[in-house]
Amino acid sequence: MKLKLFNTLTREKEEFKPLEEGKVKFYSCGQTIYDDLHVGNARAYVVWDTLRRYLEYKGYTVRHVQNITDVGHLTDDGDQGEDKVEKRAKELDLEPMELVEDQIERYFEDTKALNIERQDIVPRATGHINEMINYVQKIIDNGYAYEVEGNIYFDVEKFAEDYPYGEMANKDLEQLKEEAESRVEEDSKKKNQYDFALWLNAEGTGHLMKWEAKFEVDDDLMKSTGYPGWHLECSVMGQKYLGEEFDIHAGGKDHIFPHHPNERAQCFAATGEGQARYWLHNEFIQIDGEKMSKSEGNFYTVRELIQDHGFSGDAIRLYLLSSHYRSETDFSLEGLEKADKELKRIRRTIRRMKEDTSSTKSPMIIQDENGEITPDNVRERFKQAMNDDLNTAVLKKDLMEIINIINRGLDSGHSVKDDYIEVFEEIFDVLGINIDSNISESESELTDLLLEIRDEAREEEDWEKSDYIRDRLQELGFEIEDTENGSKWFK
């Protein structure tokens, strides 16, 4: 079975073929680091982490680069808004880099809670200013940029004469012109309103983060104290660490225009290569039909869901993988509670499977309407779903149905072969979800002893002692289930 991914550039599912056999070069757009990670952005990072894990599962060596934007991302896409980092820092009475350092630490704490593996390279925009200045000069030298009052703009009309520009967004220049005129405030410095900034002059603007740059324009050497355009940053960092052409570039649906077309255009203009062969985009998470976003104020942070609402990172991750990454998902706490219960059912079942492998019990035959479900069959169904553009929604539904069948078999006194346990652990490792109860041997033995005492109390109809033991264990995070074969516990 071959992996197929939906390429936004061609609007088709395409068989994935890396440029270099056995290796994958993968860039994903990262966090603008001015506030805590909300669950809408977390969806992208969970999906791309799952893709990386699956590529490695298939035997590829993956180099994954994901940037941190700590300058240049403005509050509008017309090159005239405030820098998001500076704006937030002012609100908190902090220096921009003071805010950034704090938020980077919190960001990695949040992604670790979601079992997102640290990318191989996590470059910061402010660490690559010299490369960006040199990159802008290449674009100027190749004739695709112009200077006005110390600002360097990308000439979209000139570029479109030589390269495709609007194909990712499926827009022509006339459409772009109309949209730009209606979307952003007119900028008299630009030749066309759909042109975008490569470098912005910060003199007299009050902008705190700025660097000295020199550009040669029309044989004249000019100086500009300013900062890079947001689109420029990913072009530079992606090609620096992955080469002029690489395999996968991923981001959110909102990057389909203007961020990724602008990023791609810059790469063509500077190097003659358009970065990635496969462009992947995840859909938004919505609340009450509206896109979850910090600007709208309708969002839940990952930290809030864990600390205030008591959900685990594993439950949040399972929830985010319960729908296909290209489908719109309406977030709700009720939906997250359902995922939390499903995770507990999975963990409970795995624990029961490990406990009920006794040779004295007859192993169950697991089957559905299509026949017997063997461990190899479970593995093949997993691969089939993942190869179909990472269809984790179908996979999760399939796994929960198998889990329910296994539970019914365990309830009827059968055991399960170890091979089933191994394949479940294999699959959930790729999904990045921990299905172990995470308890020590001594904690397990003590809990077993307490339940033995509770069972004796129940036999003697000492309900006060029985309820007391149950309530104390529940306070410590254990669920107690009374069965015909005695009490069972699950962490």
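Quick notes
- Lysines with Cα under 18 Å of K84, excluding same-chain neighbours fewer than 8 positions away: K210, K294
- Charged side chains reduced to their Cβ positions (Lys and Arg at +1, Asp and Glu at -1) give segment 180-230 a dipole of some 200 debye around its Cα centre.
- Dipole magnitude of segment 304-431 about its Cα centre (Cβ charges: Lys, Arg +1; Asp, Glu -1), debye to nearest 20: 380
- Of the trypsin sites (Lys or Arg not before Pro) found in segment 1-70, those in coil by DSSP whose Cβ has at most 12 other Cβ atoms within 10 Å are K2, R11.
- Gyration tensor verdict on segment 304-431 (Cα atoms; rounded if a/c is under 1.5, prolate if a/b is larger than b/c, oblate otherwise): oblate
- Amide H contacts under 5 Å for R124, placed H, 5+ residues apart: I68
- For log10 I(q)/I(0) by the Debye sum over Cα atoms at q = 0.07, 0.11, 0.13 Å⁻¹, computed directly from the structure shown, the correct entry in [x] -0.46, -0.95, -1.22; [y] -0.52, -0.99, -1.17; [z] -0.36, -0.90, -1.24 is [x].
- Per-residue Karplus couplings for segment 107-113, computed as 6.51 cos²θ - 1.76 cosθ + 1.60 with θ equal to phi - 60°, are listed in order as 4, 6, 5, 5, 5, 5, 4 Hz, Gly and Pro entered as x.
- Amide H within-cut-off set for W199, under 5 Å, with H built and near neighbours excluded: I152, G229
- The dipole here belongs to the chain: it is taken about the Cα centre, uses +1 on the Cβ of Lys and Arg and -1 on the Cβ of Asp and Glu, and is about 1120 debye.
- Residue exposure sequence - E263, E98 - by fewest surrounding Cβ within 10 Å: E98, E263
- Converting phi to 3J(HN,Hα) with the Karplus coefficients 6.51, -1.76 and 1.60 and the offset θ = phi - 60°, segment 45-60 yields 5, 5, 5, 6, 5, 5, 4, 4, 4, 6, 4, 5, 4, 7, x, 7 Hz in sequence order, with x at every glycine or proline.
- Helix-only mean residue ellipticity at 222 nm for the chain, each DSSP H run of n ≥ 4 adding -39500 (n - 2.57), per residue, nearest 500: -14000 deg cm²/dmol
- The residues neighbouring N282, those whose beta-carbon lies less than 13 Å from its own, together hold a net charge of -1 under the Lys/Arg +1, Asp/Glu -1 convention.
- K23 long-range amide H proximity, modeled H, under 5 Å: T61
- Farthest positive-ward along the chain dipole, Cα basis, beta-carbon charges - from Y135, I373, N282: I373
- Using the Karplus relation 6.51 cos²θ - 1.76 cosθ + 1.60 with θ = phi - 60°, the per-residue 3J(HN,Hα) values for segment 383-398 come to 5, 4, 5, 5, 5, 8, 6, 6, 7, 5, 5, 5, 4, 4, 4, 5 Hz, with x marking Gly and Pro.
- Loop sites in segment 279-370: GluC sites (Glu not before Pro), DSSP, at most 11 other Cβ within 10 Å: E296, E369
Only the coordinates and a few stated rules stand behind these numbers; no lab work does. Since this is a predicted model, take the numbers as computed values, not measurements. Reconstructed Cβ throughout: ideal geometry from the backbone, glycine too, with neighbour counts over all protein chains shown.
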